């Protein structure tokens with residue numbers, strides 16, 4: 001359970017990608033976010049279409065933005081045609097992080113031919129801080145009612161075995 005922001009879109013033109021970066025960089029400097037550039041000629045992304053994850057292999061470019069230690073990173077990664085799509089949770093970060101991110105997404109909207117944002121916190125649709133806080137409070141209440149884990153969960157090793 002969480003407060004998730006889902007977004008997807010397609011740039012009007014790949015020539016708009018530097019303008020998107022300018023917006024990301026300005027917000028990052030203003031709010032103290034870390035930005036990492038991604039430029040992978042042989043990258044892989046998955047795009048959800050009709051409930052099915054469709055793989056894309058090819059050039060991937062964009063940025064990974066670390067908004068807050070308690071928030072999933074924002075992956076603004078574009079395929080060769082300017083498509084972008086992500087879902088990520090913000091509920092463990094302060095409410096202001098969620099609001100700042102929505103403002104960033106709103107500032108980028110004019111650069112997209114198609115732009116869809118769905119905010120489980122309701123802030124994208126309403127810009128109502130109280131509604132967002134109510135949803136965050138309700139989620140915290142629901143999560144506090146869950147039993148605590150009995151101990152560490154076993155985690156299967158990944159990657160090659162070490163000798």
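Readers should treat all values here as calculations from the given coordinates under stated rules, not as data from a laboratory. Because the structure is predicted, anything quoted here is derived from the model rather than measured. Here the Cβ is made from the backbone with ideal geometry for all residues, glycine too, and neighbour counts use every protein chain on show.
Working from label points 7 Å from Cα in the Cα-to-Cβ sense, the residue 133 to residue 42 distance is 5.2 nm. Peptides 84-95, 121-132 ranked from most to least packed give 84-95, 121-132, packing being the mean of other C-beta atoms within 10 angstrom over each peptide's residues. If a spin label sat at a point 7 angstrom from the Cα of residue 87 along the line to its beta carbon, the backbone N atoms of the range 1-37 nearer than 19 Å would be those of 1-10. The stretch between residue 80 and residue 113, if pulled fully straight at 0.36 nm per residue, gains 10.4 nm over its current Cα-Cα span. Based on DSSP H segments of at least four residues, each scored -39500 (n - 2.57), the chain has a per-residue ellipticity at 222 nm of -9500 deg cm²/dmol.
Structural descriptor for the chain: relative contact order 29 percent, calculated from alpha carbon pairs under 8 angstrom and at least 6 residues apart. Each pair of Cα atoms in the chain enters the Kirkwood radius, and Stokes-Einstein at 10 °C and 1.306 mPa s then converts it into a translational diffusion coefficient of 91 µm²/s. Multiplying the residue separation of residue 53 and residue 141 by 0.36 nm and removing their Cα-Cα distance gives an extension gain of 28.4 nm.
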